[in-house]
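Everything on this sheet refers to the single structure shown next.
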């Protein structure tokens, strides 16, 4: 028979995590309060007396209107000409003239098929035109 007033002792198999949560919340509050107070460090760059300022080169813009219809515009002279995909490389090389490193940018509407832009880039790459990029509008 069991004796009255005595309880059987069993081990508790649970870990009390409430103190750990309290400590983590206090640390979180401390970091949230002190983070805005920390100023980012300023980098003091070395200076030089003779610097080469990069020259401002106006690129050649290739606008993809639809598949096979392209407009090449020289942003230096504002000269525009509609060309086909086959004549694209020749027109760009003509506009580059002696400036073979002059950049070329490709612009297209969002609704234009991706393949039309890739075809224009491929035609310029096959013609060994080095600096080709895509023109995008910055967000905001």
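The values are calculated or read from the model by the stated rules, or taken from the named source; none is laboratory data. Computed from a predicted model, the values in this text were never measured in an experiment. Please note: Cβ atoms are built from the backbone with ideal geometry, for glycine as well, and neighbour counts cover all protein chains shown.
Conditions: (1) assigned to a strand (DSSP E or B); (2) more than 27 Å from the chain's Cα centre (by Cα); (3) within 17 Å of residue 133 (Cα to Cα). Residue 99 meets all but one. Number of the miss?
Going through the list (1) assigned to a strand (DSSP E or B); (2) more than 27 Å from the chain's Cα centre (by Cα); (3) within 17 Å of residue 133 (Cα to Cα), residue 99 breaks only (1).
Given the residues 33, 18, 64, 23, which is the only one that is in contact with a strand residue (DSSP E or B) (Cβ under 6 Å, 6 or more places away or on another chain) and modelled with pLDDT of 85 or more?
Values: 33 fails: in contact with a strand residue (DSSP E or B) (Cβ under 6 Å, 6 or more places away or on another chain); 18 fails: in contact with a strand residue (DSSP E or B) (Cβ under 6 Å, 6 or more places away or on another chain); 23 fails: in contact with a strand residue (DSSP E or B) (Cβ under 6 Å, 6 or more places away or on another chain).
Checking each option against the conditions leaves just 64.
Name the residues in the stretch 76-92 that are farther than 14 Å from residue 122 by Cα and surrounded by 15 or more Cβ atoms within 10 Å (Cβ to Cβ), would you?
Initially, the stretch 76-92 is screened for residues farther than 14 Å from residue 122 by Cα, giving 76-83, 91.
83, 91 - these are the residues of the stretch 76-92 that are farther than 14 Å from residue 122 by Cα and surrounded by 15 or more Cβ atoms within 10 Å (Cβ to Cβ).
In contact with a strand residue (DSSP E or B) (Cβ under 8 Å, 6 or more places away or on another chain), part of a strand (DSSP E or B), over 16 Å from residue 132 (Cα atoms) and modelled with pLDDT under 80, is that true of residue 81?
Details: in contact with a strand residue (DSSP E or B) (Cβ under 8 Å, 6 or more places away or on another chain): yes; part of a strand (DSSP E or B): yes; over 16 Å from residue 132 (Cα atoms): yes; modelled with pLDDT under 80: no.
No.
Residue-wise test of (1) without any contact (Cβ under 8 Å) to a residue 24 or more places away in the chain; (2) farther than 19 Å from residue 85 by Cα; (3) surrounded by 15 or more Cβ atoms within 10 Å (Cβ to Cβ).
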| site | (1), (2), (3) |
| --- | --- |
| 99 | no, yes, no |
| 102 | no, yes, yes |
| 115 | no, no, no |
| 121 | yes, no, yes |
| 124 | no, no, yes |
| 127 | no, no, no |
| 135 | no, no, no |
